[in-house]
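Here's the structure we're looking at; comments come further down.
The values are calculated or read from the model by the stated rules, or taken from the named source; none is laboratory data. Just so we're clear, the structure is a prediction, and the values are computed from it rather than from any experiment. Note: ideal-geometry Cβ built from the backbone for every residue, glycine included; neighbour counts use all protein chains shown. Ligands, DNA and RNA are stripped out before the accessible areas are found, and what is left, the full protein with its side chains, is counted by its heavy atoms. Shrake-Rupley method; radii C 1.70, N 1.55, O 1.52, S 1.80 Å.
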Amino acid sequence: MPGEAEEHNGVFVRFLRGVEKVGNLLPHPFWLFVILGVIIVGLSAVLELFGVESENPADGELVEVQSLMTPEGFQRMVTDAVDNFVNFPPLGLIIIVMLGVAVAEGSGMIGATIRIVVSRVSRRWLTFTIALAGVTGSVASDAIYVILIPLAAAAFKAAGRSAVLGAIVAFGAASAGYNASLVITASDPLFAGISTAAAQLIDEDYVVSPIANYFFAAASAVVLALMITLVTELLLVKMTDPMRRAEDREGGAAAAALSVGRNNGSSEQTHGTDDEAGASGSELTDGDELLSYSPKEVRALLLSLVSLAGFLAIYFGLLFTPGSPFQGEDGSALESALVTDVAVPIALAFIVVGVTYGVIAGTITSPSDLPEMMARSIKELSGVIVIFFAAAQFIAYFDWSNIGTVLAIEGARTLEQWDLPVFVLFGGVVLLVALFNFFITSGSAQYTLMAPVLVPMLMLVGISPEVTQMLFRMGDSPTNIISPMSPYFALALGYLQRYYPRAGVGTLLSLTLPISITLLISWFLFFMLWYLIGIPLGPGVPVN
C-alpha cells in the first residue's frame, strides 16, 4: 500500500516537498511582518516621489501615497508603536475569549465531552460523530489533535474497523474543517479583529462582529462532517482495508498503548455503550482507557449543560427584556453591548460551564485554580502576541502610507473593468488563499497579511468584510491537511506510523488529498448556494 501510494502520488509528493523547501526559506511570521514593514516604509518614499495617487470612489477624494521616510514618519513609528499594539483589534478579543476557553479546557470538560460522545455513539454514526467532533473541536484549539486522533483510532478499532481510518477521519475533520464549528471558537474574534482593522482602512467606523459568520460556520460544520463521512465510507474504507488486515495481524499493540490525560480522580470506570456493536457481538477490547469515563464525569457534564442553559437564559433575557440596561439604542438587540462586544459573554459562558464541570468532577478544588488555568492559556498565546506586535506595526504603516488604500482602489477598479461573475470572483479569492496556505500555515498570520488588501478592495466593489472573511476561512482550512509546512501534518504522520509502521508521506497524502479536495469544492459550492439564497452570515449580517 505505501509503495502504491507513493507511485500514484509521486508527482504531488515531489510538489509538496518542493513547497516545503520553499516554505522553509520564509522567515518566522514575526520577522516576515518586520521585513514587510521595512519594505512599506521604503516603498512609500518611492511611490510618493512618483506621485502615485487614486481617487476614492467612496467619497471622490484623492488619495495620495505618503512617505514614511520623513522626520515626522520616523517619530510616529516610535511614539505610536505602543498604541498600534494595544489597540490592535484582534489582541484583546483573542485574549478575553481564551481566558474562558482555558477554564473549560483546563477543567477537563472539553476532553471529557469528546470522549463521552464518541464512546457512546452507535457504530452507524461513528464516522459522522467523529467528523463533527473534529470540526467543532477547534474550540479546544490545537489540543483537539492530541485528544481526538488517538481517541478516534481506538473507537474505530473497537468497532472492528481500521485504526488508521479513524485517525484520518479525526485529523481531516480537525484540520480541514478548523474554520467551521457548531459553537463560537477563538478563531471568530481573532478573524473579526483582523477584518475590522482592514475595513477601517476604508471606513474608520466599520466593526466586524465576532459572531459575523456564525450562522454559516455552524451550518458548514454539519455539511463538512457529512462530506468527510461520504468520502470516508465511499473511498477511504477501500483504501485502508489492507491496513486494517495488517493491524489485525500485528494486534494493534501500538494503538492500544496510546493514552489521553483524563484529569479526574475517580477510579470507577464505565464504558460507553454501542447498541449495534453489542448486538453484533463486538466489544471494546482495545483502547479501553481512551474510551472510558466515570459516572462522576457524566454527572459533571450534564450539570455543566444545565449551567449553560441557565447562562443563555440570563443572556437572552438581558438582551430582549424591555428596560434591560443592556438593550441597544431604540431597543435593538443587535445594537446591544452583549452583541457588539460579544467576546465577553462568550468568555463568561466558557467559564460558567468549565467551573461547573470542574467543581463536580473534582478538577477545580479552589478559586486559585481558575487564574492558574487562565495563566496557562496566556502562555500558550505568547507566540501569537509576539507576532501581533509586528503585525500591528505593519498594518499601521500600511494605513499611514495610504499604500493599502491605493492598492485597494486600483484593485477594485480592475475588478470592475473585468466585470467577473461573482462565482468566479469568490472562487479566485478562495483559491488564492488556499495557495498561500501551503507556505504560511498560520491562519492569523496569513489573514493579517492578506486582509489589508483583500478586505478594502472587495469593499469597494460591494463585497462586505464579513463575506471576504468567510471566503478566507474557506480557502484556509481544507489545504491544512496536505501542507507539509503544517506542524500537524508531521504529527498526523507520526500517529499513522504507530498504527501502521510502513506508512509514509505518500500514504498520508493519498488518504488526506480526497478529503482536502472534496471539502474545498463542496464548501465553496455550499457558500454560493447560501449567498444566492441570501441567508444572513450571522446575526444582523446580510450576505449581500
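Every residue, every condition in (1) open to solvent by 10 Å² or more (accessible area, probe 1.4 Å); (2) under 20 Å from Pro465 (Cβ atoms); (3) touching a residue at least 40 places away in the same chain (Cβ under 8 Å), yes or no:
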| residue | (1), (2), (3) |
| --- | --- |
| Gly504 | yes, no, yes |
| Leu511 | no, no, yes |
| Ile515 | no, no, yes |
| Ile521 | yes, no, no |
| Leu529 | yes, no, no |
| Ile533 | yes, no, no |
| Pro536 | yes, yes, yes |
| Pro539 | yes, yes, yes |
| Asn544 | yes, yes, yes |
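Listed conditions (1) open to solvent by 20 Å² or more (accessible area, probe 1.4 Å); (2) modelled with pLDDT under 90 are all met by Pro452, apart from (1).
So that you can scan it fast, the table gives a plain yes or no per residue for (1) in contact with a Phe, Trp or Tyr (Cβ under 9 Å, 6 or more places away or on another chain); (2) within 24 Å of Ser209 (Cα to Cα); (3) not in a helix (DSSP H, G or I):
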residue: Phe436; (1), (2), (3): no, no, no
residue: Ser444; (1), (2), (3): yes, yes, no
residue: Pro452; (1), (2), (3): yes, yes, no
residue: Met474; (1), (2), (3): yes, yes, no
residue: Leu493; (1), (2), (3): no, no, no
residue: Leu509; (1), (2), (3): yes, no, no
residue: Trp523; (1), (2), (3): no, yes, no
residue: Met528; (1), (2), (3): yes, yes, no
residue: Tyr531; (1), (2), (3): yes, yes, no
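Considering only residues that are open to solvent by less than 10 Å² (accessible area, probe 1.4 Å) and either under 25 Å from Val453 (Cα atoms) or not in a helix (DSSP H, G or I) (or both), which ones fall in region 155-175? Of everything in region 155-175, those that are open to solvent by less than 10 Å² (accessible area, probe 1.4 Å) and either under 25 Å from Val453 (Cα atoms) or not in a helix (DSSP H, G or I) (or both) turn out to be Ala159, Ser162. Could you tell me whether any residue of region 75-86 is aromatic (Phe, Trp, Tyr), under 18 Å from Phe398 (Cβ atoms) and in contact (Cβ under 8 Å) with a residue 24 or more places away in the chain? Scanning region 75-86, I find at least one residue that is aromatic (Phe, Trp, Tyr), under 18 Å from Phe398 (Cβ atoms) and in contact (Cβ under 8 Å) with a residue 24 or more places away in the chain, so the answer is yes.
This table checks each residue for (1) more than 17 Å from Ile202 (Cα to Cα); (2) open to solvent by 50 Å² or more (accessible area, probe 1.4 Å); (3) modelled with pLDDT under 90; (4) assigned to a helix (DSSP H, G or I).
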position: Thr356; (1), (2), (3), (4): yes, no, no, yes
position: Val359; (1), (2), (3), (4): yes, yes, no, yes
position: Thr363; (1), (2), (3), (4): yes, no, no, no
position: Glu372; (1), (2), (3), (4): yes, yes, no, yes
position: Arg376; (1), (2), (3), (4): yes, yes, yes, yes
position: Val384; (1), (2), (3), (4): yes, no, yes, yes
position: Ala391; (1), (2), (3), (4): yes, no, yes, yes
position: Ile395; (1), (2), (3), (4): no, no, yes, yes
position: Trp400; (1), (2), (3), (4): no, no, no, yes
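Whenever a residue of region 112-141 is open to solvent by 10 Å² or more (accessible area, probe 1.4 Å), its partners that are acidic (Asp, Glu), lying with C-beta atoms within less than 7 angstrom and at least six residues away or across chains, give the pairs Ile116/Glu297; Ser122/Asp274; Ser122/Asp275; Ser122/Glu276; Arg123/Asp274; Arg123/Glu276; Arg124/Glu276.
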